[in-house]
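Structure record follows, encoded as structure tokens.
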Amino acid sequence: MDQVEIGRIRSFNRFFTRLAGVLDRSVLKSGFSLAEARVLFEIGTHPGGHSRDFTARLGLDPGYFSRIIGRFKARKLVAAEKSERDGRLSCLFLTDEGKAILQNLESRANSKVEASFGDLPEEGLREILSSMAGILSQKEPVSPKELLIRPCRAGELGVIAYRHCVLYGEEYGFDATFENYLLDGMSRFLWEHAGKGKVWVVDYWGRVMGSIAIVETGEKEAQLRWFYLEPSCRSVGFGKKTDGNRLGLL
């Protein structure tokens, strides 16, 4: 990376930490630090998990995590039970008091998000979520539960063409002539095959992560075209969730 790219990422990080209130001494004026709030959230979301699972998921030092759990136990927010499979491990749960506090934090967090982004127009919010999906997909495995197949929206054929050219260039060495072929085919589809075909995209928070099209080529004949899937969405089991009947292909 060059210094300009590094500087831009650091600038965004400073903006986001200010927006998210990370620099505040307590999260959402709750009296809990960011780390403590995340621990509460993780235990509430994954009840019965082991300490080592939570430290791995959060990237926290085990000793620091243990001190947080000690404080939560003293306040009767968290309870521990010995694991039935391994007596050396403890399973962590939120108490009723812990659940009530987490619910209150969740409500405040939702309100803060609404205050920060609720006044954006629909297209602006869609762009924000799409950008977030782009960042996540570069750093985290994409869950097939977060993916859906939907009809292509206006303007998204351009996205499909762009990503096709980039991926086929990177993975197969295709040159600029492929772009000419691709755009010519899309133009013909729009002008000559209106009502005789359909395009679907793989959607991740509004971001196009793949596509497939079916175009009528004759009586009872059709051609599949423009099929691609972003690398971060491959081999995650998404194909097992879909079939031709659900897509309306059959």
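The values are calculated or read from the model by the stated rules, or taken from the named source; none is laboratory data. Remember, predicted model here, so these are calculated numbers, not experimental data. We place every Cβ from the backbone using ideal geometry, glycine too, and count neighbours over all the protein chains shown.
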- Query: Are any residues in region 109-124 exposed (fewer than 12 other Cβ atoms within 10 Å of the Cβ) and charged (D, E, K, R), and if so, which ones?
  - Reply: Glu114, Asp119, Glu122, Glu123
- Which residues, taken from region 1-52, are in contact with a strand residue (DSSP E or B) (Cβ under 9 Å, 6 or more places away or on another chain) and either assigned to a helix (DSSP H, G or I) or of a type in the set (A, V, I, L, M, F, W, C) (or both)? Val39, Leu40, Glu42, Ile43, Gly44, Ser51
- Of the numbered conditions (1) under 24 Å from the mean Cα position of the chain (by Cα); (2) surrounded by 18 or more Cβ atoms within 10 Å (Cβ to Cβ); (3) free of Cβ contacts under 8 Å to residues at least 40 places away in the same chain, His164 fails exactly one; give the number of that condition. (3)
- Report, ordered by the first and then the second residue, all pairs with beta carbons closer than 7 Å, sequence separation of six or more or different chains, a first member in region 65-77 that is outside the structural domain of Ser90 (by TED's automatic domain parsing) and in contact (Cβ under 8 Å) with a residue 60 or more places away in the chain, and a second member that is of a type outside the set (Asp, Glu) and surrounded by 13 or more Cβ atoms within 10 Å (Cβ to Cβ). none
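Suppose we filter Glu106, Glu97, Glu127 for residues that are modelled with pLDDT under 95, surrounded by 12 or more Cβ atoms within 10 Å (Cβ to Cβ) and closer than 18 Å to Val39 by Cβ; which single one remains?
Criteria check complete, one pass: Glu106.
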- Message: Against the condition within 20 Å of Leu224 (Cα to Cα) and either in a helix (DSSP H, G or I) or in the same structural domain as Pro231 (by TED's automatic domain parsing) (or both), how does Arg126 come out, does it pass?
- Response: no
- Could you grab me the full set of residues in region 17-35 that are modelled with pLDDT of 85 or more and hydrophobic (A, V, I, L, M, F, W, C)? Phe32, Leu34, Ala35
